[in-house]
Every structure is written in C-alpha cells, then in structure tokens.
Amino acid sequence: MARAPLGRRVAALLAGLVTCVMMLTAAAPAGAAEQDGKAGKLARLRSGQATLRVGTDATFPPFEFTDAKGRKTGFDIELVRKLAARAGIKKVSFTQMPFGNIVPALQAHQVDMGASGIYISAERSRVVDFTDVYYPGGLAVFVAGKNDTIKSQADLSGKRIAVQVGTKSVEWLKQHQPHARLIMVQTNEQMFSSVKLGQADAVVTGAPAGRYFVAQHGGLKQVGNRLTSEDYAYALPKSDAEVTAALDTALKKMKDDGSYTALTKKWFGAQSDQGAKKDRPLLNPHTIVESWGQIQHGLLVSIAVILMSLCLSLLLGTAGGFAKLSGFPPLRWLGNVYVSVIRGTPFVVQLFFLYFGLPQLGLQLPPMVAGVLALGLYSGSYVTEIFRGAVQSVDRGQIEAARSCGMSHASAMRHVVVPQAFLRMLPPLGNEFVSLTKNSALVSFITIGELFLVGQTIISRTFDALTVYLFIGLLYYVLTNVIGSATRAIEKKMAVYV
C-alpha cells in the first residue's frame with residue numbers, strides 16, 4: 001500500500017509523455033489532411049498557401065551544391081526555380097538529404113519533389129512519377145589520370161568501384177559486372193576522392209557530373225564512351241500528377257523560347273575551358289574562413305539538438321527508472337520493455353523508422369522532432385539503467401530509517417534516496433551525454449542541417465576533406481569536453497552533501 005502513490009505518479013508521468021508524443025505525431029498529418037481537403041495541391045502552391053518542398057543532395061556539382069555562404073546553387077536549383085515560376089508556384093524551398101533518402105522521403109510525403117540528378121528507371125517509376133527529361137545523362141567510368149589498367153567496361157571485373165548509395169550505378173554494376181567490388185559511399189565527393197586516394201580503382205557515375213569534376217579539379221579521366229543512355233528527370237509523388245503536368249508544360253515553354261538552352265550553356269557549355277584548379281595546401285584554413293557562416297549555423301543547430309535531446313533523455317530516463325523500480329508489475333514490465341527494445345536495436349534504425357516509417361502509418365514528424373525524439377528515446381534507455389542502478393546502490397537502511405521516522409515510501413525516495421543516488425549517477429550520466437553528443441551527427445541523415453551535414457556540403461564544393469573533418473572533429477571535441485567539465489563541476493559541488 002505504501003508504494004501505491006509513487007507508482008501512480010510514475011504512471012501519470014508516462015501517460016503524459018505518451019500523450020505529448022501522440023500530439024506531436026498527429027499534428028502534422030491532421031494539418032496536411034485539412035489543407036488537402038480545402039484545395040488541390042497545385043492550387044495551394046499557386047496561391048502561396050503551400051511551399052514546394054524540394055529534396056536534393058547538394059553535393060553533386062554542377063547540378064546542385066552549396067556555395068561558401070551556404071546557399072544552394074547549381075543547374076537543378078536554378079532550373080527548378082524557373083520551372084516553378086513558370087508554373088505559377090510562388091514558394092520553393094530546398095531540403096538537403098542523402099541521395100538514397102530522396103525517394104523514401106517522396107513516398108513519405110516529407111518532400112514534394114526530388115531534384116538531384118535522378119535517372120528515370122522502371123524500379124523508381126513504380127513508386128514515384130517523373131517529369132519529362134530535362135537533361136541527358138548516362139553512366140561513365142572514370143579512373144585516376146595515371147591508371148592504364150582499366151581501358152574498357154570489361155576491365156572493371158574484380159576491381160574496386162566507388163559508387164554512391166541509391167544511384168543507378170549500383171544497379172548497373174550488379175547486372176553487368178557482378179564480380180566488381182563495390183565501395184558504397186554517401187556523397188559525390190567521396191566517390192572521386194576514393195579514387196584519387198587509392199581506395200578505389202574507378203568511379204561509375206553520371207557522365208555530366210564526372211566530366212565537370214575532371215574539368216574543375218583534374219586528377220581523373222573518363223574511360224571510353226557512356227555505358228548507358230538514361231536521362232535525368234525530376235521525381236514527384238504519384239498523388240501529385242497535376243503538379244507534374246504543370247512542370248512539364250513549363251519545361252516545354254523554356255525549351256521553346258531558348259531560356260533552357262541559355263541555362264545549360266551557363267553550367268555546362270564552358271567547362272572544357274575552365275581547366276583544373278591549382279593544387280591547394282594539405283591543410284587550407286581559407287576553406288574554414290570562407291565557410292564560417294555555414295559552420296556557425298550548423299554548430300548552433302547541433303547545440304540545439306543536443307540540449308533538447310539531453311533534456312528529453314533525462315525525463316524519459318527518470319520515468320523509466322522509477323517504472324523499473326515500481327512495485328506495480330505492469331509499470332515495471334513497461335520499463336523493462338522500453339529498455340530492452342531501444343537498447344536492443346541500432347539508433348539509425350530507430351531514427352529512420354520515426355522519420356520514414358511512421359508516415360506510412362499516417363504519422364508524419366518534422367525532421368527536428370524526429371531527430372530529437374530518436375536521440376532522447378535512445379539515450380533515455382541508458383539513463384533508465386543508470387538511474388535504476390544508482391538508486392539500488394543506496395544502502396537499504398537509508399530508506400528503512402526514513403520510514404521509521406514516519407516518512408512515506410514516496411517521501412523517503414524523494415528526500416533521502418534520490419539525492420544520494422543523483423551524485424552516484426553523475427559520472428555515468430556524463431559519459432552518456434558525451435555519447436549523445438557524438439550520436440547527434442547521425443541526425444544529418446534525416447535532413448537536419450547540423451554540423452556534420454554542413455561539413456559534407458562544404459567538402460562537396462571544396463574537396464578539402466582533411467581540413468573540414470579535422471575542424472569539425474575539433475568542434476565536437478570541444479562540445480564533449482564542455483559537457484564532461486559541467487558534470488564534473490556539478491559532482492564536486494554536490495559532494496558536500498554526501
């Protein structure tokens with residue numbers, strides 16, 4: 001009977017958390033459904049009530065990349081803006097995401113359009129619609145300038161081939177060169193760098209982007225002609241046929257009046273005359289200086305993600321710890337299930353489930369909500385065990401003495417046991433929050449523009465991976481040490497009460 005009040009309080013806290021999560025997850029789809037009921041998608045885009053959300057991997061010059069001021073630019077970016085204006089669409093926004101996530105994001109209605117050098121294929125056409133072709137593509141092989149061992153497609157067998165995750169290159173190599181050893185990377189820059197650094201023997205990628213890299217940076221050469229003749233188009237959800245048709249009409253008008261030709265000449269016409277850029281020093285501080293605005297913004301986003309996730313993990317961990325210590329069996333079972341499921345599955349799987357999986361069940365979360373919730377849930381499962389272990393480490397005689405003085409079980413826990421357990425929790429909590437800080441870099445996979453994602457976009461433009469990764473690593477090192485120092489300071493301050 002004495003433990004009932006504590007059990008009821010924990011149950012109420014958990015019920016409140018569940019309610020908050022349900023409200024967050026239900027808000028987005030409800031609003032979207034209400035808007036869809038009022039007017040069609042194209043009408044809302046033309047009236048300015050909705051924004052055309054474009055998913056792009058801005059690491060693929062000259063089609064899309066990020067300049068030194070953090071602005072997305074490139075052939076696709078300019079063309080999409082012009083097509084939208086011609087179609088009467090008033091607002092356009094671009095969301096950075098890994099290439100392999102664009103089609104899942106379209107299926108989940110996290111974005112309205114995919115613009116990132118996407119080939120038309122039968123497999124993709126089954127799940128998304130495509131506009132008319134806007135640029136000829138096709139795959140090609142690129143090798144290091146001094147490499148004479150690969151002279152044709154047949155020479156790829158048994159070689160290490162760098163390809164970007166989710167691209168046509170992966171499918172083509174599996175069909176035509178099954179004995180090639182695929183090196184899967186996330187970005188366009190990583191593909192070319194892997195060859196220049198000797199980590200791969202060749203790159204199979206889009207011919208236009210490959211030739212642009214050779215003209216801009218040198219060090220590579222194309223082998224033979226194009227391997228395939230696929231073309232680029234923009235991808236949209238199958239439910240948005242009206243928007244797709246409007247963009248096709250706009251594209252035809254641009255081709256008819258010559259504005260399309262002028263844009264292609266701007267981005268592709270003079271590349272053969274540009275020549276390779278001069279070699280830069282091994283460490284180039286200028287890369288950081290010219291991109292400082294981007295880095296500063298990414299750092300602020302990372303700090304916000306970390307702080308919100310930290311607070312959520314403390315809240316969930318405390319509730320979970322009380323649940324596991326509860327004398328109420330269903331509540332104790334709930335705490336055990338939470339820890340078992342969250343600790344027993346990879347964080348990235350949980351992150352992708354919340355962002356890409358839940359929309360298929362009718363629950364759509366904004367990127368920041370999904371990222372913070374995933375980090376908080378994951379870290380909270382470890383905080384739960386830290387809390388439980390610390391409370392159980394307090395001598396049983398402490399609570400018995402408190403009860404003998406007339407205190408209830410809940411009061412004894414609150415005023416006697418938990419304050420002592422808190423000090424014992426601080427060292428492992430500090431370690432857990434350091435891990436949370438490092439895991440925060442993974443939320444870049446769901447389009448949150450934090451520090452790591454900003455670093456990748458800078459590298460895609462400058463190809464200065466060593467400088468950027470060293471500096472970003474330094475920033476994370478500072479963040480983790482600040483958290484460690486804060487927990488040690490709190491530990492020393494609390495030591496006087498023990």
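General observations
- Residue that is free of Cβ contacts under 8 Å to residues at least 40 places away in the same chain and closer than 30 Å to H109 by Cβ, where the choices are L365, L453, L361, L436: L361
- The condition (being surrounded by 12 or more Cβ atoms within 10 Å (Cβ to Cβ) and outside any helix (DSSP H, G or I)) is satisfied by just one residue among G298, G357, G327, G320: G327.
The rows are residues; the columns are (1) assigned by TED's automatic domain parsing to the domain that holds G224; (2) surrounded by fewer than 22 Cβ atoms within 10 Å (Cβ to Cβ); (3) touching a residue at least 60 places away in the same chain (Cβ under 8 Å).
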position	(1), (2), (3)
A68	no, yes, yes
L83	no, no, yes
N101	no, no, yes
H109	no, yes, yes
A115	no, no, yes
A122	no, yes, no
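- Selected residue (criterion: surrounded by the most Cβ atoms within 10 Å (Cβ to Cβ)) from residues of segment 415-425 that are within 13 Å of L325 (Cβ to Cβ) and of a type outside the set (G, A, S): V417
- Residue identified as in a helix (DSSP H, G or I), touching a residue at least 60 places away in the same chain (Cβ under 8 Å) and of a type in the set (K, R) among R424, R414, R461: R461
- Subset of segment 150-189 [among the small types (G, A, S), more than 18 Å from D57 (Cβ to Cβ) and modelled with pLDDT under 90]: S152, A154
- Taking every residue in segment 164-184 that is within 16 Å of F99 (Cβ to Cβ) and pairing it with any residue that is acidic (D, E) and outside any helix (DSSP H, G or I), at least 6 positions away or on another chain, the pairs with Cβ-Cβ distances below 8 Å are K168/E230.
- Of all the listed residues (I386, I448), the sole one being over 30 Å from S326 (Cα atoms) and touching a residue at least 40 places away in the same chain (Cβ under 8 Å) is I448.
The values are calculated or read from the model by the stated rules, or taken from the named source; none is laboratory data. All values derive from a computational prediction rather than experimental measurement. Note that we place each Cβ from the backbone using ideal geometry, even for glycine, and neighbour counts take in every protein chain shown.
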